[in-house]
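For reference, the structure discussed in these notes is given below.
The values are calculated or read from the model by the stated rules, or taken from the named source; none is laboratory data. No experiment lies behind these values; they were computed from the predicted model shown. Here the Cβ is made from the backbone with ideal geometry for all residues, glycine too, and neighbour counts use every protein chain on show.
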């Protein structure tokens, strides 16, 4: 066969196999037998082997898996993957609808099933799968494209002529119940331990290093969101229908997997239906997602720091089980917080064996009135975290001892402290072993110093070996010390840890500040403090009053920050970290470019010529301004790009807020 003829045949075979994949895995309407399908795939495989220059990374032959991956690179999401606000209360759903209608007027809502799987972001360029990324922390995720190519219900090449040049699709990777049961049957036959539940198994499968094994397991998916700057419709519902025409597996309106409503009654009817019928579905679902249908109105409503204001997730009531409380243990966190944990007789709950459950704090223990030997009701919060929610008092043994919260730290014996509105905590932060271990774990974590190879078990080994006693000791470690630990430590693993520690010296100041693990100082607060102070030297000399003047830093945070930095041992740690070469100043690029926008608040809307949405927000903040998610009387300017929603413009007009374009903004910051 000539090269040109092979190219034509490969193209035709690929299109034909893609069509049959869609008919079988998405439309559930197969037209040919498995044998005929296999024959087409064999022919394509043989041609790609004979003509390797014609092989395509998005060929149907890639569905069976490729080479083993050594790691998964981390990339930033173009559009952040935000979490939804969750509720188990129908009253909360009604309040959500009321808030939206108060802000906008009557709108159309879309209800969809909330699939209990693993969130994924799929990017397509010119209709071809470019990249698949896990949710990660919402801002960044891991690239697992090779594994996702094996999911046969995900199209590698899209259908149709009306495709945006760049498209990002959000979905949920799942196991159907039938496939999960088959997978466990195969493991039982092989004498292997059974998997606990479909969701955790899907998550683990996606992180396997071998795509061939991923392909063998048979993952599935549903698409629930489409994002692009070139979408032809404002309607989320219509966009899901369009995604189906492009070849995606989407919620089927005919099966009531997705539905529209214009009232809270319509939303509740959808919830009622699936609360009753969800157990008959082929896939696990733990709730219903309610969204505003109009994307422009979504934009106008904006979002909080963690979740959109235009959507809410209603979670079905969790399954409960009865079991015996055998004991209560107490965990010490990195800030010294004491968490009571119920030790239980093992019980099956939502597909997993539960042996321990959170009791949260002393108030919860007192509210439940727990006694050792009690029969307790256990459920999974969000189908994930087991917790004790009730006690069968009538079943209590006559000689049962009440659970009494300790007055001293269970690990170091220090008297516990409790501030109003907070949990008990151990104040011995530099002498309590679990606090030290957890603080080091926090320090090396991905959102902090991001040092690979230093997990909880490794840190415990280093502590027991006396190689470290605190975070600063990490920067004194040598490869030879790690190799001397024996089993499990080879040249490669030891060097990887040393390289990770060295690389952490380049982490910016705000993350170093967060990594210190100061009580009440999270990522966002650390970023604002670092930006305001500019350097550790300035921060060390700030008064509590000066700290309180920083945006979002109240008296509690300022007191905690000041106390931490005033402690001699913490000061010594800071100086050792400085000597180790960590960054204790805000980089020049992150320092305010000017104060032209000082004390001005902006709301950003639409698409811009010279900036991404995140880029224009950074430009506002770097020139002294603030960015808000919604228009109010406190808003100074609405910065309008192309495709700004008319409702947002109308609200700006009603409140007398000035609307400016990108050119005017450039002039304000001194750029032409």
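Tabulated results
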{"read-out": "Residue 484, sole failed condition from (1) under 32 Å from the mean Cα position of the chain (by Cα); (2) modelled with pLDDT under 95", "value": "(1)"}
{"read-out": "Looking only at region 238-262, and only at residues there that are in contact (Cβ under 8 Å) with a residue 60 or more places away in the chain and in a loop (DSSP other than H, G, I, E, B), the one that is farthest from residue 173 (Cα to Cα)", "value": "262"}
{"read-out": "Per-region count, region 513-542, residues within 22 Å of residue 624 (Cβ to Cβ) and part of a loop (DSSP other than H, G, I, E, B)", "value": "2"}
{"read-out": "Segments classed as strands (runs of 3 or more DSSP E), wholly inside region 63-128, with at least 2 members that are over 30 Å from residue 37 (Cα atoms) and at pLDDT 90 or above", "value": "109-115"}
{"read-out": "Matching residues in region 306-334 - criterion: being assigned to a loop (DSSP other than H, G, I, E, B) and within 30 Å of residue 275 (Cα to Cα)", "value": "306, 307, 309, 310, 316, 317, 318, 319"}
{"read-out": "Members of region 335-356 that are touching a strand residue (DSSP E or B) at 6+ places or on another chain (Cβ under 9 Å) and not in a strand (DSSP E or B)", "value": "335, 336, 350"}
{"read-out": "Strands (runs of 3 or more DSSP E) within region 558-672 that include 1 or more residues within 30 Å of residue 294 (Cβ to Cβ) and at pLDDT 90 or above", "value": "601-605, 637-640, 658-660"}
{"read-out": "Residue, nearest to residue 342 (Cα to Cα), within region 387-405, restricted to residues that are in a loop (DSSP other than H, G, I, E, B) and in contact with a helix residue (DSSP H, G or I) (Cβ under 8 Å, 6 or more places away or on another chain)", "value": "403"}
{"read-out": "Hits in region 147-179 (condition: closer than 20 Å to residue 207 by Cβ and more than 24 Å from the chain's Cα centre (by Cα))", "value": "152, 179"}
{"read-out": "Single condition residue 157 does not satisfy, out of (1) more than 20 Å from residue 16 (Cβ to Cβ); (2) buried (at least 16 other Cβ atoms within 10 Å of the Cβ); (3) touching a strand residue (DSSP E or B) at 6+ places or on another chain (Cβ under 7 Å)", "value": "(1)"}
{"read-out": "Any hit, region 543-561, residues being over 28 Å from residue 628 (Cβ atoms) and buried (at least 18 other Cβ atoms within 10 Å of the Cβ)", "value": "no"}
{"read-out": "Meets criteria (touching a residue at least 24 places away in the same chain (Cβ under 8 Å) and assigned by TED's automatic domain parsing to the domain that holds residue 291) for residue 185", "value": "no"}
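This table checks each residue for (1) at pLDDT 90 or above; (2) within 16 Å of residue 117 (Cα to Cα).
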residue	(1), (2)
152	yes, no
155	yes, no
172	yes, yes
194	no, no
199	no, yes
209	no, no
212	no, no
222	yes, yes
225	yes, yes
